[in-house]
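What follows is a single structure, written as structure tokens, with notes after it.
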Amino acid sequence: MSGSETTGGDDPSLAYGKETPMETAIWRLRSRGCWTDAAALLLPRATEPAAALERAALLIERCLYTEQGWAEAEEALRAAEAVAQSDEERGAAACERGYLAYASTLLGVRDRADEATAALGRAAALIGPSAEGRPLLDYRRGLVAQNLGDSPQAARAAYRRAHAGATAQGDSLLLSSTWRHLAGLALREGELAEARHGFAESLRIREELGYLVGTAPALTALAGTETEPEAGRLRAEAARLFRLLGGVPTWLAAQLAPQTAA
């Protein structure tokens with residue numbers, strides 16, 4: 001699920017490297033928070049390693065954004081692990097295993113921090129430094145280092161590796177995430193201009209891709225570096241998208257509540 005070449009057309013799905021009607025349909029559903037529907041399109045190919053892994057990834061992402069569907073995601077992941085054949089496929093499944101454990105820990109569902117670290121370490125042993133899946137793995141190891149290990153230096157190093165890899169591979173969506181998290185670390189250190197630039201880049205990419213479900217968090221993050229009235233405008237737009245998508249991502253509600261209360 002990568003790619004960044006723009007087409008010059010009006011369909012943002014095509015700007016994210018979608019080459020077939022099925023890929024485009026899955027991306028459109030995913031970008032609008034319809035992970036269950038997107039995963040259902042992959043069911044007929046559930047015995048194929050790539051399709052099984054993508055289906056699991058979609059359902060795991062749903063968990064992170066909605067705090068629901070954990071059992072279904074676990075079932076899909078086990079299915080993907082069962083059909084993985086190559087080291088790269090097994091590594092990719094381990095990367096998803098680590099991400100699911102990370103999400104469960106981060107959202108307070110169940111503490112699976114040790115599992116997250118172990119699974120991502122296993123993935124690192126299976127996915128080569130120049131492999132396609134390495135930037136995503138580096139990014140997720142950064143998330144664990146920052147949010148579960150409280151190690152901003154290790155997180156920054158991992159994010160930078162992921163950022164360089166995503167740039168080399170043309171993975172725009174991953175770039176939007178590395179920009180955002182590097183900006184968050186910069187803000188933590190008081191580097192306001194650097195943080196504002198990173199958050200603005202993240203927002204720009206997500207808007208260009210039409211990644212609606214990830215746009216409200218990007219707007220909210222950028223608002224935190226702006227002064228009024230621009231900060232208020234950004235939060236209002238974030239709140240509008242949040243309502244449009246039915247309150248997803250759920251964890252954004254607390255940040256938007258003070259601005260949206262009547």
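Numbers below:
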{"quantity": "C-alpha long axis of helix 87-106 to longest principal axis of the chain, angle in °", "calculated": "40"}
{"quantity": "Additional length obtainable on full extension of the chain from Asp114 to Thr167, 0.36 nm per residue less Cα span", "calculated": "16.1 nm"}
{"quantity": "Options (i) 17.7, 55; (ii) 17.1, 50; (iii) 21.9, 69 - which one matches Rg and Dmax of the Cα atoms in Å as calculated here", "calculated": "(i)"}
{"quantity": "Hz values of 3J(HN,Hα) by residue in the stretch 236-253 - Karplus curve (6.51, -1.76, 1.60), Gly and Pro given as x", "calculated": "5, 5, 4, 5, 5, 5, 4, 5, 4, 8, x, x, 10, x, 4, 6, 7, 4"}
{"quantity": "Accessible area expressed per residue, the stretch 111-259, with surrounding protein chains retained (probe 1.4 Å, Å²)", "calculated": "45"}
{"quantity": "Shape call, the stretch 146-198: gyration tensor on alpha carbons, a/c limit 1.5", "calculated": "oblate"}
{"quantity": "Of all accessible heavy-atom area on the stretch 202-262, the percent that carbon and sulfur account for (1.4 Å)", "calculated": "57"}
{"quantity": "Quotient of C-alpha Rg and 2.2 N^0.38 Å, computed over the stretch 60-124", "calculated": "1.05"}
{"quantity": "Rounded FRET efficiency, nearest 0.05, which uses the C-beta distance separating Ser86 from Ala254 and R0 of 51 Å", "calculated": "0.75"}
{"quantity": "Compactness relative to 2.2 N^0.38 Å, alpha carbon Rg of the stretch 129-235", "calculated": "1.05"}
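The values are calculated or read from the model by the stated rules, or taken from the named source; none is laboratory data. As the structure is a computational prediction, the values presented were derived from the model and not from experiment. As a convention, Cβ positions derive from the backbone with ideal geometry for all residues, glycine included, and neighbour counts pool all protein chains shown. Surface accessibility is based on the protein's heavy atoms, side chains included, excluding ligands, DNA and RNA. Shrake-Rupley method; radii C 1.70, N 1.55, O 1.52, S 1.80 Å.
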